[in-house]
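A.B. asks: I am attaching a structure below and will ask some questions about it afterwards.
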Amino acid sequence: MAKTSGLLSLLLWILFIQVTISFGLLLLGALGLAAVSLVSAILGISIV
């Protein structure tokens, strides 16, 4: 019983970490895209 719950909690931790990393990368990508858009708008370069 203890082994099963330990495995389950490990899987939950892995899932939690993966979701956190995915969300972080998504946020970072969005911020990066916004920064690039802002810089290109300032420089007068339009990225189509």
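The values are calculated or read from the model by the stated rules, or taken from the named source; none is laboratory data. Keep in mind the model is a prediction, meaning the values are calculated, not measured. Using ideal geometry, Cβ is built from the backbone for each residue, glycine included, and neighbour counts are taken over all protein chains shown.
A.B. asks: Could you check the chain and list, in sequence order, the residues that are surrounded by fewer than 10 Cβ atoms within 10 Å (Cβ to Cβ) and part of a helix (DSSP H, G or I)?
C.D. replies: Step one: filter the chain for residues surrounded by fewer than 10 Cβ atoms within 10 Å (Cβ to Cβ), giving 1-5, 42-48.
Of everything in the chain, those that are surrounded by fewer than 10 Cβ atoms within 10 Å (Cβ to Cβ) and part of a helix (DSSP H, G or I) turn out to be Ala2, Lys3, Thr4, Ser5, Ile42, Leu43.
One line per residue, one yes/no per condition, for (1) basic (Lys, Arg); (2) modelled with pLDDT of 95 or more; (3) within 24 Å of the chain's Cα centre (by Cα):
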| position | (1), (2), (3) |
| --- | --- |
| Leu7 | no, no, no |
| Thr20 | no, yes, yes |
| Leu25 | no, yes, yes |
| Ser37 | no, no, yes |
| Ala41 | no, no, no |
| Ser46 | no, no, no |
